[in-house]
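> Once you've had a glance at the structure underneath, I'll fire off some questions.
The values are calculated or read from the model by the stated rules, or taken from the named source; none is laboratory data. This structure is a prediction, so every number in the text was calculated from the model and none was measured. Every residue, glycine among them, receives a Cβ derived from its backbone with ideal geometry; neighbour counts consider all protein chains shown. With ligands, DNA and RNA removed, areas are computed over all heavy atoms of the protein, side chains included. Shrake-Rupley method; radii C 1.70, N 1.55, O 1.52, S 1.80 Å.
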Amino acid sequence: MAAYKAKLDEFHQVLSEDEIDLKHLEKICFNGIPDVPGIRPLSWKLLLNYLPVNRSKWPQFLEKQRHTYNNFIKEMIVDPGKQHFGQNEKMDVTFEDHPLNPNPDSQWGAYFKDNKVLVQIDKDVRRLCPDIGFFQQACDFPCEEIVNAQSMETLRKRVDCSVLQFQTVTKNRQGIYNVISKKASQEYEVLTNGQESHWEVVERILFLYAKLNPGIAYVQGMNEIIGPIYYIFASDADISWKSRCFEDIFVHLTLLLFFRNLLFTGKT
């Protein structure tokens, strides 16, 4: 017990310094990080080279990264969602751009291409870490601009449109026809308006990454990379970190995949 307390004290001392000794932190983390509120998330942020070792630089750095992430949401999800809202109704296909436009620069073509990637992401994130049930729960800090939107097509709505219900007609030995309705799988259930599950946040992060990196887009298994990081950051006991963890997770995913690409291909 005394050894465990000494280890905790060492972690608190290292993480409270104005200039974090990264080598020392790596050394004490090598044998495991104590499961104490606040220690593991902060240690990961430093070890993954997300936070600068100089604590005084954190506020400005975090604000810049988080502002960039929120701009991506607006440009790639909110604005396009408002543009396509209600366009499933009958339209005049003589317009310059329309769903049947074969032009490679067509916005509709890009929209359908994005949907193909989105459906694959959706299938993976809905079953992310099913043994703990965490990702099926509602997150405490949903993106208000998205969950309360009344006049935009959210990622949730885009995927729901692709999960079609269908009916099967069967005929028994007496010649009687029966119509059997097939409902969408239970794994496709979502929360009510005003809420979003943790898996929906993961879906949004992966979709943004795919949009920003078309050469890589989305590869099956990326959800497993982001899963542990998301769980640790979204479970942070410090509300100031927890409430803004989604922006931090997005940058972490970008950094991890950048270094992975650099390690295996030697290209940036």
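> How about segment 36-59: which of its residues are in a helix (DSSP H, G or I), touching a residue at least 12 places away in the same chain (Cβ under 8 Å) and out of contact with any Asp or Glu (no Cβ under 6 Å at 6 or more places or on another chain)?
ILE39, ARG40, LEU42, SER43, TRP44, LYS45, LEU46, LEU47, SER56
> Could you check PHE258 against (1) modelled with pLDDT of 85 or more; (2) open to solvent by 70 Å² or more (accessible area, probe 1.4 Å); (3) in a helix (DSSP H, G or I) and say which number it fails?
Failed condition: (1).
> What do you reckon, is ALA184 among the aliphatic types (A, V, I, L, M) and either modelled with pLDDT of 85 or more or touching a helix residue (DSSP H, G or I) at 6+ places or on another chain (Cβ under 8 Å) (or both)?
no
> Right, another one. LYS7: within 21 Å of TRP58 (Cβ to Cβ), surrounded by 14 or more Cβ atoms within 10 Å (Cβ to Cβ) and either of a type in the set (Phe, Trp, Tyr) or out of contact with any Phe, Trp or Tyr (no Cβ under 7 Å at 6 or more places or on another chain) (or both), yes or no?
It is false that LYS7 is within 21 Å of TRP58 (Cβ to Cβ), surrounded by 14 or more Cβ atoms within 10 Å (Cβ to Cβ) and either of a type in the set (Phe, Trp, Tyr) or out of contact with any Phe, Trp or Tyr (no Cβ under 7 Å at 6 or more places or on another chain) (or both).
> From ILE33, ILE28, grab the single residue that is among the β-branched types (Val, Ile, Thr), open to solvent by less than 30 Å² (accessible area, probe 1.4 Å) and not in a loop (DSSP other than H, G, I, E, B).
When all the criteria are applied, what remains is ILE28.
> Determine whether segment 60-69 contains at least one residue that is open to solvent by less than 30 Å² (accessible area, probe 1.4 Å), assigned to a helix (DSSP H, G or I), in contact with a helix residue (DSSP H, G or I) (Cβ under 7 Å, 6 or more places away or on another chain) and at pLDDT 70 or above. Give the derivation first.
To start, the set of residues in segment 60-69 that are open to solvent by less than 30 Å² (accessible area, probe 1.4 Å) comprises 62, 66, 69.
Retained after the next criterion (residues that are assigned to a helix (DSSP H, G or I)): 62, 66, 69.
Narrowing further to those that are in contact with a helix residue (DSSP H, G or I) (Cβ under 7 Å, 6 or more places away or on another chain): 66, 69.
Now restrict to residues that are at pLDDT 70 or above: 66, 69.
Yes, that holds for at least one residue.
> Does any residue in segment 203-214 that is hydroxyl-bearing (Ser, Thr, Tyr) come within less than 8 Å, Cβ to Cβ, of a residue that is part of a helix (DSSP H, G or I) six or more places away or on a different chain, and which pairs are these?
Listed by first residue and then by second, the contacts come to TYR209/MET222; TYR209/PHE250; TYR209/LEU253; TYR209/THR254; TYR209/LEU257.
> Filter segment 228-243 for residues that are open to solvent by 30 Å² or more (accessible area, probe 1.4 Å) and under 13 Å from the mean Cα position of the chain (by Cα) and give the result.
Residues satisfying the conditions are PRO228, TYR231.
> Conditions: (1) at pLDDT below 85; (2) among the charged types (D, E, K, R); (3) part of a loop (DSSP other than H, G, I, E, B). ASP236 meets all but one. Number of the miss?
Unmet condition: (1).
> Then there's this: Within the bounds of segment 202-209, is there any residue that is of a type in the set (A, V, I, L, M), open to solvent by less than 60 Å² (accessible area, probe 1.4 Å), over 17 Å from CYS129 (Cα atoms) and in a helix (DSSP H, G or I)?
yes
> When you go through ILE216, ILE225 one by one, which is the residue that is outside any helix (DSSP H, G or I) and either touching a Phe, Trp or Tyr at 6+ places or on another chain (Cβ under 6 Å) or surrounded by fewer than 22 Cβ atoms within 10 Å (Cβ to Cβ) (or both)? So that I can check it myself, show each step before the final result.
Details: ILE225 fails: outside any helix (DSSP H, G or I).
Going through ILE216, ILE225 in turn, the sole match is ILE216.
> When you look at GLU19, is it of a type in the set (Asp, Glu) and over 30 Å from ALA210 (Cβ atoms), yes or no?
Yes; evaluated as a whole, the condition is true for this residue.
> List pairs: first in segment 1-14 and at positive phi, second at pLDDT below 90, Cβ under 6 Å, 6+ apart or cross-chain?
Within 6 Å, no pair qualifies.
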